[in-house]
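The values are calculated or read from the model by the stated rules, or taken from the named source; none is laboratory data. Note that the coordinates shown come from a computational prediction; the quantities given were computed from them, not determined experimentally. Note that each Cβ is placed from the backbone with ideal geometry, even for glycine, and that neighbours are counted across all protein chains shown. SASA here: full protein model, heavy atoms, side chains in, ligands and nucleic acids out. Shrake-Rupley method; radii C 1.70, N 1.55, O 1.52, S 1.80 Å.
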Amino acid sequence: MKSYQTRQTVNQVRFNNGLTWAWSALFLLLSIQWQPVSLKMPLFYMFIAQFVFSILHQTLLKSVSVKGYHSEKKNKKVKLLSIILLFGIFSGNIFTFISGLVTLKKSKSTAFIYSIYMVLVDVLVISVTAMNVFKPFVAESFLTIMYVLISLLLFHSFILVFGDKWHGWHNNIKRIVLVLLALSSLIGNVLTLFVAVSLYKEGIAGQKGKRKTSIREKLVRNQAALLGLLFITFLITISVTSNFSFSQSFSESNNYNIILQEPSLIYPFGTDNFGRDVFSRIIFGAQISLSVGLLSTVIPLMIGGTLGAISAYYGSRTDNIIMRLLDVLYAIPGMLLAITIVAAFGASTTNLIIALSLGAIPSYARTMRANVLQVVNYEYVEAAHALGQGNWWIIRKHVVPNALAPMIVRATLTIGIAVISTSSLSYLGLGVEAHVPEWGNILRIGSKYLETNPYLAIYPGLAIILLVLSFNFLGDGIRDANDPHVN
Amino acid sequence: MNKKILSFIMASSALVLGACSVQTEDEVNDSGTDTNQNVETTEKVSLEILGMGSNETDMNIVRDQLIKHGFDVELNTQPDYASYNSQKEAGNYDLVMNSWTTVTGNPDYAVRSLFITDGDYSTISNDEVDRLINEAALETPDNYVDTYTELEDTLVTENAYIVPLYNSLKAQAFNNNLLDSESIRLSKSRAFAWEPVSFVDEAMNETETVMYTQTISDLTSLDPIKANDGSINQLNTNMYVRLVNLSDDDQVVSDGSLSYNYAIAEGNEEYYFVLRDDINFAKVENDEAVDTGEMVSGQDVIYSLNRAKNPDSVPDHRTFSLHEHIDEVSLVEDLSELEDINLSDGSGNMLDALGKDLDSPIETLVEEADDVDNAAGDYQVVKLTTTEPFPQVLNYLGHQSAGIVSQKQLEAVNTYDIDSFDLNEDVPYGDQRAVTEGDSYDNHLYASGPYIMLKKNDYEATFQRNPGYMTNSDHSANIKNASVRFISDEDSALSALRAEEIHFLYGLNETKYDIVEEEDNLELQSMPSNGVSYMGFNMDDREVSESKDLRKSILYAISQEEINSAYEGNKLKAYSTLSPLIDTGNELTADPQKVEDFYEAYLENQ
């Protein structure tokens, strides 16, 4: 009988194994030049490196899959393989890095798993930001940000390596570390908060070995959700730091000397028909796609949630009035409503958020109403009534918190839809202003050059796909974590 | 533990060292970076630019250039023409994106309605501009260059009423495996002529249908005077013959027109046309074009031109302003009258000019259509007088709105009372309902041109050759059946061309030239067009309306070279809407110093 920890380890390695092979296959595909058939040598060397790591990873999977393997016991072969696989990160392979760390550590606490992804976010952000050194010039505060990022990476790596010694630390040091972790989330790396909370909870007496019940704890079992979380956190962090580390003159200012350049080290994703760097545009576009996606989910979540809760709690006439009015709104196709609003009030980010939010209110209200209808019948609500508590108090303290979980799942899943809607509207010329580097806008320009300069459309398209996939994975993960049947 | 800490410190120091190399990279580059910082630039006023989604590229470039010169720019992009126009009429702009195509090929058309006080599209009022436009209109092409140059100087150099952006190329692509390259005409102003087109394999001309395309499927009207837009220009041009035609380089000629010859009498107020007798009207019977046996006569010409110049001849008359210079149209009855008239250029008398190169010389002038017999020397001669000397009237006669219609058929169809006309009940001549498949189909068209429309739906319109059109000359149509596909999206139209769904594509975006050139079975033709894109200023109650210094400051911020490179070198320079027609020698060059100087002057005069 294998231990829970061992099974988790094997699952993680198995999950990464497929991905690392896919990753090397991608490099093989990229390295082949089709017309005429030849190999692009730098990419081919990358493929060979990935291929070697993949074989090592396959060996690791074999070693941990055997019956006698227990993650708690020392195993020299596994340890050696793990250490080698750690270096995969230098070739851009984060999967072998994760597997290496997971097999290397004996105890796999929630904080440890989150620390891995926290460090990975730092590494990704630093490597992407570092691409700027190839540019003719860098932003004023580029170096400062680089130093901040690198010191954060060092700090976070320290937590990753020595986090399991947490219990032995002095209380004051614990406090300082927690505060520092929380502060470091200010650059956008929200995973530091997850780590801080996990460390704090583990530090509370009697918590060790306790059954994992919270979403935060259960999420670490879902590798796809964690990858989604990694990419989203990466985007949030790069959105925050790009304001200081990327120069806007490359993304928004036209330069007619470098029109439609092929991808190169200076312009990793090429330049568009106005000579703007598509790479910088996609980085700055993340800010808009993310903020529009998040805001146009949070606003209807709040409004629809409140209306749904009120409607279900008070019932009868209130319910009828609110829900019938919302039904009217529900009858109008969301996208059509958005197009009408933007066409009437003009293309701008604010209008876009309003347009996308309005159409989503009824569906949130319906979900919340169904949840609350169920919750108000529970005994604890009745008990609260019997104790003479006011309606408002009961709604806030007892009803809403217990009805919120399905709403969070729904919200996470619909952020992806909001991102796609934003991009679709921009693609139609109805989103944000045409010069703003929003992903749909970038894609629209790229689509005009699909045949001659396909990279102009491929990269923004990939960015949209990845972001939506990430939110979907995360949403699925949260739903599974929430679902008593799955547990 | 110690070992771990040691390796950790080593890893950290490696990272820090890595960061140091970043720093040097930055230091090297940091010294010589400020390339895009224009040191002299000062902060300037905020400008609002109005345009359509299709102007996106232009608006982006202009915005970028103005911002780099210190202006604060806000874009107002409207998705379609209707909403753009309502914003324009509401005056919600400082600068508005405009484009103008001189479809008649004459300079008067390029300036009159745009810049004269109270012109159809004019927002400016300047006595000097009015005077120059009217003065130039009276002059012949040899004399008007100086006047138009002076007009351009007043319009742009002195007052900066417009900011010229570029002159476009006109491009068309076709399948050269199927269509004979020699038979495809590319004309500067006139719509594409279908009659010379031929398949490579001439046997296919009788059996196969040639496929053309256009974007708009909703046809304004097939009555030539009731529309002047992209939905019918190509169709009406090929369905109705005119007194004269424009050649590919915009010269007024009689080739392929209703007249054998034309001439201008001394004084530039009288114009004479000698008519052919080998064009009959066609009509549609049982989905086939048939010859009515009715000749396109001088009476039809008089009827057509009189209704063209009279605003009240039909409801929704859209082209009378083009023909407002026509005074009187009549038939000449007395041959000796022609002998006494001297030509405008003093090269001889009218009779000789009209009789030049005719197979049989003019013996008698007849009035009745039935009496016409060119082979026997019996001709009809039309005399047209203008309200004032106006040689450019000939260009308007070559425009599709001056197409000749059948007096008999129009009087038979247009039986409604003009004052109580109701579009829901009355079907006027040329209404698309009469040719649309379905219950309302009742094709009443009488075509005087090389082709006639059989029917249309939302997908395509089908045409057949006019069997009574110049049957014994080179100008009769080669291909029997033609079809016009309605494809609203330009990219889809190009795909259709590549997939051989259509054979000919008229109008092609600059960014697609490469794709067409790379295809083996496609051929690209392009030439400078009469289309000019420019920005107009809001001349009503804005900062830019009051100060010409501010306008000039904006004018010199625009670099046409940069616009051209964004269009991959496929745009030409322009100084005004006259640029494609007249070589005035003016050229707009961006000048940051002038931008600052004029802006300073604007601030001082405030």
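For this structure, a couple of remarks:
- Modelled this way, with points 7 Å down the Cα-to-C-beta line, the labels at B:Tyr81 and A:Glu140 are 4.8 nm from one another.
- Computed helical MRE - 222 nm, chain A, DSSP H runs ≥ 4 contributing -39500 (n - 2.57), nearest 500: -23500 deg cm²/dmol
- 1.4 Å probe accessible area per residue over chain B, in Å²: 42 Å²
- In chain B, the DSSP-assigned H stretches of four residues or longer account for a calculated mean residue ellipticity at 222 nm of -8500 deg cm²/dmol, using -39500 (n - 2.57) per stretch and the full residue count as denominator.
- Per-residue accessible area (protein heavy atoms, 1.4 Å probe) orders B:Ile479, A:Ile478 as A:Ile478, B:Ile479, starting from the largest.
- DSSP-defined antiparallel bridges as percent of all bridges, chain B, nearest 5: 80 percent
- Built amide H within the under 5 Å cut-off of B:Asp431, gap 5+: B:Leu222
- Helices meeting the span-like rule in chain A (full DSSP H runs, Cα extent of at least 27 Å along the helix axis, mean Kyte-Doolittle score of -0.5 or higher): A:4-31, A:41-65, A:110-130, A:142-162, A:223-245, A:278-314, A:349-375, A:405-427, A:455-482.
- Residues whose amide H falls under 5 Å from that of B:Tyr260, counting only those 5 or more places apart or on a different chain, are B:Val274, B:Leu275, B:Arg276, with hydrogens built in the peptide plane.
- Apportionment of accessible area to carbon and sulfur, the protein assembly as shown, percent (1.4 Å): 54 percent
- Dipole magnitude of chain A about its Cα centre (Cβ charges: Lys, Arg +1; Asp, Glu -1), debye to nearest 20: 2220 debye
- Scaled radius of gyration (Cα, divided by 2.2 N^0.38 Å) that chain A gives: 1.08
- Our Cα-only numbers for the range A:1-78 put the radius of gyration and Dmax at 16.6, 56 Å.
- Chains B and A together, accessible area buried on both sides, 1.4 angstrom probe, square angstrom: 3200 Å²
- Loop sites in the range B:350-413: GluC sites (Glu not before Pro), DSSP, at most 15 other Cβ within 10 Å: B:Glu363, B:Glu367, B:Glu368
- B:Leu338 contributes about 0 Å² of solvent-accessible surface, heavy atoms of the protein only, 1.4 Å probe.
- For the range B:109-138, applying the loop criterion from DSSP together with a ceiling of 14 other beta carbons within 10 Å to the chymotrypsin sites (Phe, Trp or Tyr not before Pro) yields B:Tyr121.
- Charge-dipole axis of chain A as Lys and Arg at +1 and Asp and Glu at -1 on Cβ define it, positive-most pick from A:Ala286, A:Gln223, A:Pro437: A:Gln223
- At R0 = 51 Å, FRET efficiency that the Cβ-Cβ distance of A:Lys397 and A:Glu451 yields, to 0.05: 0.25
- Under 5 Å from the amide H of B:Asn76 lie the amide H atoms of B:Ile49, B:Leu50, B:Gly51, each residue being 5 or more positions distant or on a separate chain, with H modelled from the backbone and absent for Pro and chain starts.
- Charge dipole magnitude, Cβ of K and R +1, D and E -1 - the range B:179-502, Cα centre, debye nearest 20: 820 debye
- Restricting the trypsin sites (Lys or Arg not before Pro) of the range A:1-96 to loop positions (DSSP other than H, G, I, E, B) with no more than 12 neighbouring Cβ atoms within 10 Å leaves A:Lys67, A:Lys73, A:Lys74.
- Each Lys and Arg contributes +1 and each Asp and Glu -1, all at the Cβ; summed about the Cα centre of the range A:249-482, the dipole is approximately 540 debye.
- In this simple spin-label approximation, B:Ser495 and A:Lys76 carry label points 7 Å from Cα along the Cα→Cβ vector, and these lie 6.4 nm apart.
- Estimated FRET transfer efficiency when R0 is 45 angstrom, pair A:Ala22-A:Leu337 (beta carbons, to 0.05): 0.70
- Furthest towards positive pole of dipole, A:Phe27, A:Thr144, A:Ser253, structure part chain A, Cβ charges: A:Phe27
- Rounded to 10°, Cα long-axis angle of helix B:141-152 versus longest principal axis of chain B: 30 degrees
- Peptide A:344-357 - average C-beta neighbours from other chains (10 Å radius): 1
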